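First the structure, in the form of structure tokens, and then the observations on it.
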Amino acid sequence: MKATLRYLAGLAGPSGFGSNSTAEQVTQDFSSFLPSNLTALITGATSGIGAETARVLAKRGVRVVIGARDLRKAKEVREKIQKESPHAEVILLEIDLSSFASVQRFCSEFLALELPLNILINNAGMYSQNLEFSEEKIEMTFATNYLGHFLLTKMLLEKMIDTAKRTGIQGRIINISSVIHSWVKRSCFCFNDMLCGKNYNGTRAYAQSKLATILHVKEVARQLKERNANVTINAVHPGIVKTGIIRAHKGLITDSLFFIASKLLKSISQGASTTCYVALSRQTEGVSGKYFTDCNESNCSSLANDESEARKLWNDTHALLHKRLRQATN
């Protein structure tokens with residue numbers, strides 16, 4: 001109840017920011033101390049929170065690489081960014097996160113640029129009311145929101161560790177999750193069932209994928225600490241934001257209820273604030289394996305905090321990718 005009242009009132013937390021803070025507000029003092037030549041890679045930055053995150057990071061002098069399925073929309077975002085910030089460097093590369101082959105191509109193209117990689121923001125996400133499958137015959141929401149980002153992070157992790165080692169600047173990985181991860185019951189979180197979309201329900205599939213992104217954070221944070229790597233990874237709940245995913249849910253509730261609920265939604269700039277804060281703030285230096293909401297550390301569900309569940313999911317995912325990628329090369 002206290003958290004709800006704090007959210008509705010927009011009260012600031014320990015970070016000095018709260019639910020009403022915008023991405024520009026939380027980063028306005030960062031430019032003076034940010035290292036030069038930072039590079040951030042953001043998936044799904046053609047609209048909504050991703051596009052706003054890209055705009056604000058570019059405004060603060062960060063080189064932005066946008067991974068997008070629709071390059072036409074990505075070009076429009078780049079034009080808007082460079083109109084506001086003429087000196088901004090924005091690079092566009094095509095990626096379909098539901099396709100392992102596309103993720104592999106993207107990583108090869110990015111690594112060929114020989115750029116540093118300081119910040120990786122796994123932002124892209126989808127929600128589908130109907131059961132759909134990727135080209136690898138995997139349920140589309142799980143493939144896009146979780147598996148694609150798992151593979152992307154895996155393929156770029158050594159680049160991030162190397163960049164941090166060469167520059168002395170801590171690398172930061174941010175997974176965009178959602179508070180609805182807490183709706184998932186342990187009995188409903190079965191890897192093979194999620195792959196095949198068993199007893200499919202769109203909201204449940206979305207919640208499961210967002211729980212998986214937090215468990216990914218927990219296990220990768222453990223591995224990075226074990227390696228003594230100068231890279232952190234955290235999960236972010238941006239808030240319930242007025243984006244395309246919310247519009248996709250609208251058919252499930254009445255117009256009147258949607259109207260009432262919409263008054264509690266964050267603006268896109270408010271929704272991007274926590275991502276930008278975790279990506280650039282000095283207060284998050286050295287913080288890893290945590291869950292943030294409204295620019296402050298928060299609590300995730302007990303299942304999301306389960307280290308054994310996190311390790312099991314990582315092992316199952318790694319085994320699946322190893323098998324599928326090996327088959328693809330034969």
- Under a 1.4 Å probe, counting only protein heavy atoms, S308 has an accessible area in Å², nearest 10, of 80 Å²
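Can you give the local net charge around H322? Use residues other than it whose beta-carbon is closer than 13 angstrom to its beta-carbon, Lys and Arg +1, Asp and Glu -1. Don't jump to the answer; show the numbers that get you there.
Details: positive: K154, K323, R324, R326; negative: D316.
Spelling it out: positives minus negatives among the neighbours equals +3.
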- Identify, among L117, A207, S99, the residue whose Cα sits farthest towards the positive end of the charge dipole of the chain, taking +1 on the Cβ of Lys and Arg and -1 on the Cβ of Asp and Glu, with the dipole about the Cα centre. A207
- Task: Taking all pairs of distinct Cα atoms, average 1/r, flip it, and tell me the Kirkwood hydrodynamic radius of the chain in Å to one decimal place.
- Result: 19.9 Å
- Task: Calculate I(q)/I(0) for region 126-248 by the Debye formula, one identical point scatterer on each C-alpha and no solvent, and give its log10 at q = 0.10, 0.14, 0.16, 0.21 Å⁻¹ to two decimals.
- Result: -0.35, -0.65, -0.81, -1.17
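Heavy-atom accessible area per residue, the chain, 1.4 Å probe: how many Å²?
With the other protein chains kept in place, the chain gives 47 Å² per residue.
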- Query: Under 5 Å between amide H atoms, partner at least 5 residues away or on a different chain: which partners does V65 have, H built in plane at 1.01 Å?
  - Reply: A40, L41, I42, I91
- Determine ³J(HN,Hα), in whole Hz, for all residues of region 176-193 in sequence, where each value follows from phi through the Karplus function 6.51 cos²θ - 1.76 cosθ + 1.60 and θ = phi - 60°; x replaces Gly and Pro. 7, 10, 7, 4, 6, 4, 6, 6, 7, 8, 4, 5, 9, 9, 10, 3, 5, 5
- Run the 1.4 Å probe and let me know the accessible area of S209, rounded to the nearest 10 Å². 0 Å²
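With contacts defined as alpha carbon pairs under 8 Å and 6 or more residues apart, what's the relative contact order of the chain in percent?
Normalised by residue count, the contact order of the chain is 21 percent.
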- Message: How large is the direction-averaged shadow of the alpha-carbon convex hull of region 150-221, in nm²?
- Response: 5.6 nm²
- Can you give the net charge of the other residues whose Cβ lies under 12 Å from the Cβ of L224, counting K and R as +1 and D and E as -1? +2
- Query: Going by the alpha-carbon gyration tensor, a ≥ b ≥ c the square roots of its eigenvalues, is region 15-57 rounded (a/c under 1.5) or, if a/c is not under 1.5, prolate (a/b greater than b/c) versus oblate?
  - Reply: oblate
- Message: Under the rule of at least 5 residues apart or a separate chain, name every residue whose amide H is placed under 5 Å from the amide H of K290.
- Response: A235
- Task: List, in order, the whole-Hz ³J(HN,Hα) value for each residue of region 307-313 obtained from phi through the Karplus relation with A = 6.51, B = -1.76, C = 1.60 and θ = phi - 60°; use x for Gly and Pro.
- Result: 5, 5, 5, 5, 5, 4, 5
- Message: Translational diffusion coefficient of region 4-162 at 37 °C, 0.692 mPa s, Stokes-Einstein with Kirkwood Rh over Cα pairs, in µm²/s as a whole number.
- Response: 194 µm²/s
- Out of residues 5 or more away from I173 or on other chains, whose amide H comes under 5 Å of its own, with H placed 1.01 Å from N in the peptide plane? L120, T232, I233, N234
- Note on the structure: Share of accessible surface on carbon and sulfur in region 26-99, whole %, 1.4 Å probe and ligands ignored, is 43 percent
- Note on the structure: Taking the chain and counting helices only, DSSP H stretches of n ≥ 4 at -39,500 (n - 2.57) each over all residues, the nearest-500 ellipticity at 222 nm comes to -14500 deg cm²/dmol
- Applied in sequence order to region 267-282, the curve 6.51 cos²θ - 1.76 cosθ + 1.60 (Karplus, θ = phi - 60°) yields integer Hz couplings, x standing for Gly and Pro, of 6, 4, 5, 5, x, 7, 5, 5, 4, 5, 5, 5, 6, 10, 5, 5
- Message: A 22 angstrom limit on the alpha carbon distance is what I want to check against. Which of K218/K323; K159/K323; K290/K312 exceed it?
- Response: K218/K323; K159/K323
- Task: Provide the solvent-accessible area of C188, counting protein heavy atoms only and rolling a 1.4 Å probe, rounded to the nearest 10 Å².
- Result: 60 Å²
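The values are calculated or read from the model by the stated rules, or taken from the named source; none is laboratory data. No experiment lies behind these values; they were computed from the predicted model shown. Neighbour counts run over all protein chains shown; Cβ positions are idealised from the backbone, glycine included. What goes into the accessible areas is simple: the full protein's heavy atoms, side chains included, and nothing from ligands, DNA or RNA. Shrake-Rupley method; radii C 1.70, N 1.55, O 1.52, S 1.80 Å.
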